[in-house]
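What follows is a single structure, written as C-alpha cells, with notes after it.
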Amino acid sequence: MDGLTPDEQEILEGLFVKSQLPGYDPMLDATEEERRIAAKYIVICLQQLAALGIRSQIVIGDDHH
C-alpha cells in the first residue's frame, strides 16, 4: 500500500485536531471518508512496523451491540 495522498494527509490531520475537541465521538463526529483514511493510515503504520521486524496484532471489536 502506498502512503497517503496529500488530500488524505490533510483530512487525517484535521481528524486528529477534531478528535481532541471536548465531547468528540468518533461514531457520530467522523465521516465515512475520515474513517477510511484513518484505517488506511493504521495499515500503513502496521506495514512499517512489520518492515522493521516488529510483530503486531490488531483486534477489532464491536462494543456497540
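Rule-based calculations on the coordinates, nothing more; no lab input. Keep in mind that this is a model prediction, so the values were computed, not measured.
Does the chain come out rounded, prolate or oblate, given a ≥ b ≥ c as the square roots of the eigenvalues of its C-alpha gyration tensor, rounded meaning a/c under 1.5 and, failing that, prolate meaning a/b above b/c? The shape class here is oblate.
For the chain, the relative contact order comes to 34 percent (Cα pairs under 8 Å, sequence separation of at least 6).
For the chain, the longest principal axis of the C-alpha atoms and the axis of helix 6-19 are separated by about 60°.
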